[in-house]
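Student: Have a look at this one before I ask anything.
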Amino acid sequence: MIGHMIVQNTLHRPVRTFITVIAVAVEVTLVIMVVGLTSGLLSDSAKRTEGVGADIMVQPPSASIFMAFSGAPMPIAIGDKLQQLEYVQAVAPVLVQFNSVNGLDIVYGIQPETFRSVSGGFVLHDGTELRDSNDILVDDVYARAKKIKVGRTLHILEHDFHVAGIVEHGKGARLFVLMSTLQEMSGAHDKASVFFIKCDRSDHTAAAADEVRELLPHYEVRPLKDYISLMTSSNLPGLGAFINVMIGIAVAIGFLVTFLSMYTTIIERTREIGVLKSLGASKTYIVEIILSETTLLCFAGVVTGVGLSYLTRIILLKVFPSLPILITVKWIFLAGLIAILGGLLGATYPAWLASRKDPVEALAYE
Amino acid sequence: MEPILKTENLWKMYRTGRMEVPALRGVSISILPGEFVSIMGPSGCGKSTLLHVIGGLAQATSGRVLLDGNDLTEMSDAARTLLRRHKVGFVFQRFNLLPTLDTYHNIALAQHIHGNGFDPHRFEAVASLLGLSERLRHKPSELSGGEQQRVALARAIISEPKIVLADEPTGNLDTKSSETVLALLRQLNKDLGQTIVMITHNPEAATYGDRVLHMRDGMVVNGSAAHS
Ligand SMILES: Nc1ncnc2c1ncn2[C@@H]1O[C@H](COP(=O)(O)OP(=O)(O)O)[C@@H](O)[C@H]1O
Ligand SMILES: [Mg+2]
């Protein structure tokens, strides 16, 4: 009975219903997209870093785990010292640059020989390895997304590169140039942002890491085995706060819209509430009707919002094909829960107000 | 016979600004089970207020209201809500149907609130008695005034209340629909023994009942037999 009544009520005011549902949908989409984009970027970057194939990563003191954002390069000569450690088999210095034009891309400046010795080398899909200072290697995902072919010119970091080859994705970055070129371009002569280390045996990783820590006391020494699990927003305080603020804004939208929607509804239905009371409906009954209606509206909003999130992802991927957006069941569920709880909270005061109306006054309401 | 409804020296004050305005000034009436009583009187004399107080919609300022042995003036708001649910059926001048629900659901809602579950036999009997069987899927906006009031009547009696309280039920109806609704009220009273208290402005309407109470300035001034 209540089910039928609340469905009829929502159909009775289609514009109000539509606006409320859309507002909740936007709330849900905002949460799913903010979380999806940040965690997508993080895990994508983490997976590629792990994919380099190194056992240990060495970064300058207090460098961010989100490598691309931390500059402060180290002298490349450190690499030679690392090479001499007992358990270290190979060391590859990499200079990292961050390209933010037309998307978010990490560019690795590498020495082809050392990078090969650590990572096992690229799988070439087309073209050749890096040979000339103007050469750039592009991974297959990037190439497909930007429709890049070998021999083409790629303008990146305010520089025209010649696409020498297309390589299998997964080796740290999507774009690779010679380290010397990148050093020159960024004025970081003889500098590297990170050293990737390959141990002589992978079960020597812990021992090797200890050696490195002894050699370079304040440096960030990270075994890469559990790297992905470390790359979460909770390990990046600023990012975690950003996500919380965005979720807070989304919840505020949902809360305010359901509050206003249900508030105007109970004013509009004052006389109907009086009728319910004259029929002997209890306060609980009236609260139940209003909260059920809110739940219905929010649920419709959540379903719409999940659809809208996937639609947004499709559109974003059309524009930025390499953008990693991670929509997980967990966050669909959480965003839905947040939206419904926020909505119910917004409807609490209107529901309470409705249940307390004086029946005689309510029946006299015009 | 024990009265089904009895008031003793009932007072109701309304506060308007700093003034206390009495709407009821010592009303003592007694209504027997199966009676059909009309209340007449000029506008503003306190008829609706009396109906609200005896139906448990409003609280009296002083005096007693005994409905089926229960003293409403001693009751909490929640207890009066329960009493309305189980013992009182209201009919209003403005019909007061829920506009989003069709006839069927407007009547079923009363059964749902009453809480004894849906009784198809009772529903069937009431709908056909009030001539609504063909109108069950219509919303109030698709019904004439007379039909809407018949739905309201069905809603009021569906849960077999001890007493039906009707506040100018024909006040918004044309002559023909008024006659139909009044005839139905009389039929409910005669055939089912339904106790009814009806407010009306129309002396002709008052003749449908057994007895007329005249009110003036918040008091019952005399009782008379309807046909005298
Ligand atoms: N909520 C209220 N506040 C103040 N005065 C009221 C209120 N309701 C009714 N009254 C006053 O009480 C008196 C009786 O009103 P009412 O019972 O509606 O009369 P009737 O139904 O006989 O026309 C009138 O003088 C009216 O102005
Ligand atoms: Mg009145």
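The values are calculated or read from the model by the stated rules, or taken from the named source; none is laboratory data. If you're wondering where the values come from, they're calculated on a predicted model, not measured in any experiment. A quick note on method: Cβ atoms are made from the backbone with ideal geometry, for glycine too, and the neighbour counts reach across all protein chains shown.
Student: Taking the conditions exactly as written (at pLDDT 95 or above, within 30 Å of B:Ala154 (Cβ to Cβ), surrounded by 15 or more Cβ atoms within 10 Å (Cβ to Cβ) and aromatic (Phe, Trp, Tyr)), does A:Tyr285 satisfy them or not?
Tutor: yes
Yes or no, residue by residue, for (1) surrounded by 14 or more Cβ atoms within 10 Å (Cβ to Cβ); (2) part of a helix (DSSP H, G or I):
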| position | (1), (2) |
| --- | --- |
| A:Ala143 | yes, yes |
| A:Ile148 | yes, no |
| A:Asp160 | no, no |
| A:Phe176 | yes, no |
| A:Phe195 | yes, no |
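Student: Picking from B:Val126, B:Val91, which residue would you name as being within 16 Å of ligand 2 (Cβ to nearest atom) and surrounded by 17 or more Cβ atoms within 10 Å (Cβ to Cβ)?
Tutor: Every option except B:Val91 fails the conditions.
Student: Let me ask you something else. Looking at the structure I just gave you, is B:Gly46 within 16 Å of ligand 2 (Cβ to nearest atom), more than 10 Å from every other protein chain (Cβ to nearest Cβ) and either more than 23 Å from B:Ile158 (Cβ to Cβ) or at pLDDT 95 or above (or both)?
Tutor: Yes, satisfied.
Student: All but one of (1) exposed (fewer than 15 other Cβ atoms within 10 Å of the Cβ); (2) polar (S, T, N, Q); (3) within 19 Å of A:Lys357 (Cβ to Cβ); (4) touching a residue at least 60 places away in the same chain (Cβ under 8 Å) hold for B:Ser76, so report the exception by its number.
Tutor: The one condition B:Ser76 does not meet is (4).
Student: Looking at segment B:23-40 only, could you name the residues that are within 10 Å of B:Met219 (Cα to Cα), away from chain A (no Cβ under 14 Å) and within 16 Å of ligand 2 (Cβ to nearest atom)?
Tutor: B:Val27
Student: Could you go through segment B:132-145 and let me know if any residue there is surrounded by fewer than 17 Cβ atoms within 10 Å (Cβ to Cβ), in contact (Cβ under 8 Å) with a residue 24 or more places away in the chain and within 12 Å of chain A (Cβ to nearest Cβ).
Tutor: yes
The rows are residues; the columns are (1) of a type in the set (Asp, Glu); (2) away from ligand 2 (no atom under 16 Å from the Cβ); (3) in contact with a Gly (Cβ under 6 Å, 6 or more places away or on another chain); (4) closer than 17 Å to B:Tyr14 by Cβ.
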site: B:Pro42; (1), (2), (3), (4): no, no, no, no
site: B:Leu50; (1), (2), (3), (4): no, no, no, yes
site: B:Ala58; (1), (2), (3), (4): no, no, no, yes
site: B:Thr61; (1), (2), (3), (4): no, yes, no, yes
site: B:Leu67; (1), (2), (3), (4): no, yes, no, no
site: B:Leu72; (1), (2), (3), (4): no, yes, yes, no
site: B:Met75; (1), (2), (3), (4): no, yes, no, no
site: B:Ala78; (1), (2), (3), (4): no, yes, no, no
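Student: Also, I was wondering about something else. Could you run through segment A:131-144 and say how many residues are farther than 16 Å from A:Gly172 by Cα and free of Cβ contacts under 8 Å to residues at least 60 places away in the same chain?
Tutor: Total meeting the criteria: 5.
Student: Something else: If B:Ile54 meets every condition in (1) within 16 Å of ligand 2 (Cβ to nearest atom); (2) touching a helix residue (DSSP H, G or I) at 6+ places or on another chain (Cβ under 6 Å) apart from one, which number is that one?
Tutor: Condition (2) is where B:Ile54 drops out.
Student: If you check A:Ile22 against the conditions, is it within 22 Å of A:Glu288 (Cα to Cα) and assigned to a helix (DSSP H, G or I)?
Tutor: Spelling it out, it is not the case that A:Ile22 is within 22 Å of A:Glu288 (Cα to Cα) and assigned to a helix (DSSP H, G or I).
Student: Quick test for you: out of A:Ser278, A:Ser282, pick the one residue that is within 14 Å of chain B (Cβ to nearest Cβ), touching a strand residue (DSSP E or B) at 6+ places or on another chain (Cβ under 6 Å) and of a type outside the set (Phe, Trp, Tyr).
Tutor: The match here is A:Ser278.
Student: Also, quick follow-up: Just for segment B:212-228: of the residues that are modelled with pLDDT of 95 or more and under 23 Å from B:Ile157 (Cβ atoms), which one is nearest to ligand 1 (Cβ to nearest atom)?
Tutor: B:Leu213
Student: Mind telling me which of the residues B:Lys162, B:Lys190 ends up being free of Cβ contacts under 8 Å to residues at least 24 places away in the same chain, away from ligand 2 (no atom under 16 Å from the Cβ) and surrounded by fewer than 21 Cβ atoms within 10 Å (Cβ to Cβ)?
Tutor: It is B:Lys190.
One line per residue, one yes/no per condition, for (1) modelled with pLDDT under 95; (2) more than 11 Å from chain B (Cβ to nearest Cβ); (3) more than 16 Å from ligand 1 (Cβ to nearest atom); (4) assigned to a helix (DSSP H, G or I):
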position	(1), (2), (3), (4)
A:Arg271	no, no, no, yes
A:Ile289	no, no, yes, yes
A:Thr304	no, yes, yes, yes
A:Ile315	yes, yes, yes, yes
A:Pro321	yes, yes, yes, no
A:Ile327	yes, yes, yes, no
A:Trp352	no, yes, yes, yes
A:Ala362	no, no, no, yes
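Student: Do the conditions hold for B:Thr195, that is, is it modelled with pLDDT of 95 or more, within 16 Å of ligand 2 (Cβ to nearest atom), buried (at least 20 other Cβ atoms within 10 Å of the Cβ) and away from chain A (no Cβ under 14 Å)?
Tutor: The answer is no for B:Thr195.
Student: Something else about it: Taking the options B:His121, B:His112, B:His105, B:His86, name whichever one is away from chain A (no Cβ under 14 Å) and not in a loop (DSSP other than H, G, I, E, B).
Tutor: Going through B:His121, B:His112, B:His105, B:His86 in turn, the sole match is B:His121.
Student: So, in segment B:198-213, of the ones that are away from ligand 2 (no atom under 16 Å from the Cβ) and out of contact with any Pro (no Cβ under 9 Å at 6 or more places or on another chain), which residue ends up farthest from B:His121 (Cα to Cα)?
Tutor: B:Pro203
Student: So, in segment A:92-114, exactly how many residues are outside any strand (DSSP E or B) and modelled with pLDDT of 85 or more?
Tutor: Residues that pass the stated criteria total 4.
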